[in-house]
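S.K.: For reference, the structure I am asking about is given below.
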Amino acid sequence: MVPCPALTPLVALWLLGLKTQVMETNSISCKSQGASRLPEFYKDGDFVIGGVFSIHYYMHAVEHNYTSLPESLKCTGRFVRLRFARAMEFAVEQINNRSDLLPDIVLGYQIHDSCAAVPVALKVAFQFANGQDAEITTSTSCANVASVAAIVGESGSTPSIGIACVCDCALQVSHSATCACLSDKRQYPAFFRTTPSDHFQSAALARLVRHFGWTWIGAVRSDSDYGNNGMASFLRAAQSEGICAEYSVAFYRTNPRSKVERVADVIRGSTSRVIVAFLATGDMRILLEELARRPPPPLQWIGSESWVADPEMLRFGLVAGAVGEFWEGAFDCKLTQVQSKGDTSGKHSGKMCTGTEDLSAVNIPYTDTSQLRVTNMVYKATYAIAHALHRVVCDSVSNCDKNVIVEPHQVLQHLKKVNFTVNGYPVTFDANGDPVARYELINWQVSEDGTIKFVTVGRYDASKPKGHEFSLNRNITWMNRQTQVPLSVCSDSCPSGTRKAPQKGRPVCCYDCVPYVDTDLSSTDSLRCISCPDDFWPNSKKNECLPKPVEFLSWDEFLGIILAAFSIVGAFTVIVVAVVFYRHRSSPIVRANNSELSFLLLFSLTLCFLCSLTFIGRPSEWSCMLRHTAFGITFVLCISCVLGKTLVVLMAFRATLPGSNVMKWFGPPQQRLTVVCFTFVQALICTLWLVLSPPFPIKNMSHYKERIILECNLGSAGAFWAVLGYIGLLAVLCFVLAFLARKLPDNFNEAKFITFSMLIFCAVWITFIPAYVSSPGKFTVAVEIFAILASSFGLIICIFIPKCFIIVFRPDKNTKKHVIGKVPSKAL
């Protein structure tokens, strides 16, 4: 058994005025040196239940000289929780009148006032455990002489710990002791409660604070097991919610006033506007009295269950500083000519109490039956003990034996199994002796008549799934009757586009807002800027990631439409020229210009115009491979035809020389072979390119950070430049040969037109290289299409348009005489 941490036995016994004598190693014999403490309320019965409540908040302080027997412990102050004792009385009377619960059994009670003090609670606990015998024995075994079957109470956590330490079998069911430490069954095996543990309350309060956006709070607590454990649990939960405490102070109602003043000064000088108070009711009253002397700025109080639903708190403004007995405090009168012993306020009107005053005519916590939250816990605790006792003394058909000796451990075992409903509330205990954690969120609201009322505005149910435990169902009235949620933060929220920079030496809730100059995402109140995914980009406020726009030369944009139109127009022009040539294929001008190569050239030019269309649209694997290879092969086919026509011109004039037979070596078969050979080389280069490292589509995110460029990666840049280089080599060769043949005598010498076309072709592709390298995004594709179209239009215009003009508009010049030069060329 783990030793009890509250008080060592010898210290506790000395405080109780007991003379101790060690009898054995595991027991202590004690003889009472004073009179037993009489109960405040008593009823005899077959079985008796004990009750310990903090009816008063204070114990009369006595100076011990240790030379004589100490005075009896006495309570002082107001009757503040008398309703708990009356609730237990009421429950016992109800049980005695029931036929289904302890029938034919008279249940009695002994109710004591603990003064909310550990010494008084311990003295009562010893009396309960040992009866009225003057000789008291404490040991690890439980005596059978206990005067009560179980105990309802205590009200506070620290006195409850003291009672639990007297004897493991001193079974108690508390109605308001919420310290999470009492759930430890190794230390407190006989402790149960009908109120939830502070472990759940702390989590609920932390979530409540975070729900309203308060990150900068003050914390004040009772310097007791209840306050210290509850606040420690709350601060841990608050830290996990990102909440910072500006201060955390503690005091106890018996501390010197200077200690309370220091706590009040801390609250007055703070910047947080929200205070979480884990305080017992008596401590809360003292703090409010002190704050009332010099009121601080308006504060929003968040309270634990101890005081936030205590009706006594509602009249704080009226009873500030007043300490008296119940009847005197209720009717503002004196019971005797001499001021009551417990009255130190001196604020009575001076009139005498007659004893006939009407309680129904006053509005006091004792008579207010509209707020019975904690009182109902006393009611349920009494019923829980009765149900456990019923299982001990009654059989399955409710035949009860009032003469049976009830041992505390029997009641303990059956109390673990109780499961019933009273007044619509289920009563059961888990393995730790705790009920299911359910809380009401209470809001103090001022009614139309100016009175303050408790209003339930929300609930917390720990049995619900995670994330759904907390709910609000009514509007909340805040400090100074405000309807808007008050603000309590150390630093204002950082706008989007900035990040939080912690202030040196201060909590993490205190920070400066530092602008973020990069293009990454920065959400509101972010500690660091977060990069958006590669495919996303922050919006202008930098608080949201948006998909990056995708850029490529599409069919539906203006530039794509224009280039596609020119491509189609070019292809259509070639077809028209081909039709004209075909219809006049027997004319001298067509026959004199190598009609076979002319038609092959027109076919290749059509492909050149059409292959530019493969560069438009979203890049895909097939389009990337097709666009560059098709362009390379068709242009080589085109240049090969032009080169063949140039060679034919040169060979033809050479053949006119005497004794020359060169044309037999460059007839139509040789011309076709030349075109095939030149084209085959380019086709081989393209095949190797596609096999070894073909082009493929990519998302280019490096050129622009704010958008994605869809383009074709060349795969092998060397292959791409080999294709262009081969085209350039043939173009230069063709240009040189055409330039050499430009002055040969002939009215329709093609060499002149080929020279101009190759000059345009070379000029276009020479300027293409720097433009291609430097153009960004879709303009790279546009430059390539422009080079294809420009060079293709240069060939069709320079080589074929003059011949078409003669064929269509000047048929008189389409004669053999003009072709062979019988007519002076100037006539052209």
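A short reminder: the numbers here are calculations on the coordinates, not readings from a lab. A quick note: this is a predicted structure, and the numbers were derived from the prediction, not measured. All Cβ positions, glycine included, derive from the backbone under ideal geometry; neighbour counts span all protein chains shown.
S.K.: Estimate the FRET efficiency between K466 and A232 by the formula 1/(1 + (r/R0)^6), using the beta-carbon distance for r and 22 Å for R0, to the nearest 0.05.
M.R.: After rounding, the FRET efficiency stands at 0.45.
S.K.: Moving on. Sort the following peptides by mean Cβ neighbour count (other Cβ atoms within 10 Å, averaged over residues), highest first: 613-625, 401-413.
M.R.: 613-625, 401-413
S.K.: For C244, which sequence-distant residues (separation of 5 or more, or a different chain) have an amide H within less than 5 Å of its own amide H, given hydrogens modelled in the peptide plane?
M.R.: When sequence neighbours closer than 5 places are left aside, the close amide H contacts are W216, I217.
S.K.: How much FRET efficiency would the formula 1/(1 + (r/R0)^6) give for R257 and H409, where r is the Cβ-Cβ distance and R0 is 56 Å, rounded to 0.05?
M.R.: 0.75
S.K.: Label points 7 Å out from Cα along the Cβ direction at Y704 and T271: separation in nm?
M.R.: 4.5 nm
S.K.: If amide H atoms are built 1.01 Å from N in the plane of the peptide, which residues on other chains or at least 5 residues away come under 5 Å of the amide H of E40?
M.R.: I111, H112, D113
S.K.: Same structure again: Taking H as built 1.01 Å from N, whose amide H comes closer than 5 Å to the amide H of F420, not counting residues under 5 places away?
M.R.: V427
S.K.: Further question on the same structure: Using a basic spin-label model with each label point 7 Å from the Cα along Cα→Cβ, how many nm lie between S531 and R207?
M.R.: Simple spin-label model gives 3.7 nm for this pair.
S.K.: Under a crude label model (7 Å from the Cα following the beta-carbon direction), how far is R474 from V514 in nanometres?
M.R.: 4.8 nm
S.K.: With a Förster radius of 60 Å, plug the Cβ-Cβ distance of I801 and D492 into 1/(1 + (r/R0)^6) and report the FRET value to the nearest 0.05.
M.R.: 0.20
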